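Remarks on the structure that follows.
Derivation of every value follows stated rules applied to the coordinates shown; laboratory data play no part. A quick note: this is a predicted structure, and the numbers were derived from the prediction, not measured. As a convention, Cβ positions derive from the backbone with ideal geometry for all residues, glycine included, and neighbour counts pool all protein chains shown.
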Amino acid sequence: MNLILQGSHAASQTIERIAALAHAQSITPINQHAWRCEGATFTPERKNQIDAACLAAQLDYAFAPPGRSLSDFKLLVMDMDSTLITIECIDEIADMHGLKPQVAAITEAAMRGEIEFRESLTRRVALLKGLDAAALQRVYDERLKLSPGAERMLAALQAAGLKTLLVSGGFTFFTDRIKARLGLDFTHANVLEAVDGKLTGRVLGEIVDADEKRRTVERVCAQTGIRTEQTIIMGDGANDLKMMAIAGLSVAFRAKPVVRAQADVALNFVGLDGILPLLQA
C-alpha cells in the first residue's frame with residue numbers, strides 16, 4: 001500500500017517518522033503539502049499508531065492502493081451542509097428568527113446519529129414557521145461559503161470527466177443556486193414550503209433522509225450507466241452513511257466520529273481538494 005500524508009505545516013522529520021511507523025520504503029512529494037510513502041504495510045495496530053501520530057501532528061493520512069487514479073471514477077457525490085459548504089443552512093435560517101441555539105442542538109444530535117434524521121428535520125423546520133422567506137436569500141448572500149479546496153477539487157474532477165451530484169438533507173433554495181454557480185450535473189434536496197412570502201414550517205414531498213440519499217445515488221448511477229463502485233461519495237454526518245456505504249471511495253470531511261470510523265478516508269485538516277493526492281496513488 002501507499003500511505004498518503006497531507007498537512008499545511010508538516011516538518012520533514014515528522015513525515016519521515018510517520019513513514020517509518022508504516023515501514024514505508026520511500027517518500028515522494030506529491031505537492032507542497034502532500035507526500036506518498038511507498039511500500040507501506042497495513043495492520044490495524046499500525047493504523048492506530050499512525051492515526052495517533054497524525055492527529056498529534058495535524059496531518060491527514062490514507063492508505064491507498066498503488067495505481068489508483070481519477071480514471072477509476074465516474075461520479076462525485078457530495079453532501080452540502082458542512083461538506084461542500086461551511087455552514088448548516090437551517091441553523092443560519094433559524095438565526096434570522098433568533099432560534100439558532102435550539103435548531104443547532106437538534107442538527108448536532110442528528111449528525112451524530114442520536115436522532116433519526118426525518119424526525120429532526122421535521123422538528124427543526126417547524127421552528128421556522130412564520131419566518132420571512134427572504135431570510136433564505138440573506139443566508140445565501142451573507143453566510144454561505146464553499147469549503148476550502150472545493151473549487152479546486154471540482155475543477156480537477158470535472159476536467160477529468162466525472163459527473164457531479166449534490167444530494168442534501170437541506171433545501172433546494174440553496175442546492176439550485178450552487179448547481180448553477182459550480183456547474184454541477186445533478187442535485188436533490190428538500191423543498192421548503194412558503195405561502196405569501198412566509199415559511200409554513202413544513203417540507204413539501206418526500207424528505208431527503210439517509211435512505212433517500214442512497215436511492216438518489218443509485219438512481220443517478222442507473223441513469224448515467226455508472227457503477228456504484230465508480231463513485232466518490234463525501235459527507236460529514238450520520239445521514240450520509242448509507243450512501244457512503246455503496247461508494248467506491250467514501251470520504252469523511254471534517255466529520256462526526258461515527259462517520260470517520262466508517263469512511264475509507266477522513267480529511268480533518270486539509271480541504272476538499274485533499275482527495276486529489278489520493279487519486280495519484
Ratio for region 1-66, C-alpha Rg to 2.2 N^0.38 Å, reads 0.95
Acute angle (nearest 10 degrees) that the helix 172-182 long axis makes with the longest principal axis of the chain, alpha-carbon atoms | 50
Proximal lysine pairs in the chain, meaning Cα under 16 Å and 8 or more positions apart or interchain, come to 7
State the answer as a single residue: which of Thr86, Ala104, Phe173 lies farthest towards the positive end of the charge dipole of region 78-188, with beta carbon charges of +1 for Lys and Arg and -1 for Asp and Glu, about the Cα centre.
-> Phe173
Selected from Thr107, Thr216, Thr41 as most flexible by GNM, with the chain as the system and alpha-carbon contacts under 10 Å | Thr41
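Taking N as the number of residues in region 108-180, what value does Rg over Cα atoms divided by 2.2 N^0.38 Å take?
Details: Rg = 15.5 Å, N = 73, 2.2 N^0.38 = 11.2 Å.
In units of the globular-protein estimate, region 108-180 measures up at 1.38.
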What helix-only [θ] at 222 nm does the chain give? Using -39500 (n - 2.57) per DSSP H run of at least 4, over all residues, to the nearest 500, the answer is -11000 deg cm²/dmol
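Quick check on packing: order 95-104, 271-280, 30-39 by the mean number of other C-beta atoms within 10 Å, highest mean leading.
On the way: 95-104: 16.0, 271-280: 22.0, 30-39: 18.1.
Sorting 95-104, 271-280, 30-39 by mean packing, highest first, produces 271-280, 30-39, 95-104.
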Rank Gln49, Ala134, Thr224 by how far each Cα sits towards the positive end of the charge dipole of the chain (+1 on Lys, Arg Cβ; -1 on Asp, Glu Cβ) and give me just the farthest.
-> Thr224
Say we join alpha carbon atoms closer than 10 Å with springs in a Gaussian network model of the chain; which of Glu119, Glu88, Glu212 then has the biggest fluctuation?
-> Glu119
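Treating only the Cβ of Lys, Arg, Asp and Glu as charged (+1, +1, -1, -1), what charge dipole size does the chain show about its Cα centre? Round to the nearest 20 debye. Please list the in-between numbers first.
Values: 31 positive and 34 negative charges, 54 e Å.
Result for the chain is approximately 260 debye, rounded to the nearest 20.
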How many angstrom separate the Cα center of region 60-93 from the Cα center of region 122-167?
-> 14
Gaussian network model of the chain, Cα within-10 Å springs - most flexible of Ser71, Ser12, Ser168 | Ser12
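How much of the DSSP beta bridge set in the chain is antiparallel, as a percent to the nearest 5? The partial results should precede the final answer.
On the way: 21 of 41 bridges.
Here the antiparallel bridges make up roughly 50 percent for the chain.
What is the sum of charges, Lys and Arg at +1 and Asp and Glu at -1, for the other residues whose Cβ falls under 13 Å from the Cβ of His97? Mind dumping the intermediate values first?
Details: positive: Lys100, Arg124, Lys129, Arg138, Lys198; negative: Asp91, Glu92, Asp95, Asp132.
So the surrounding residues net to +1.
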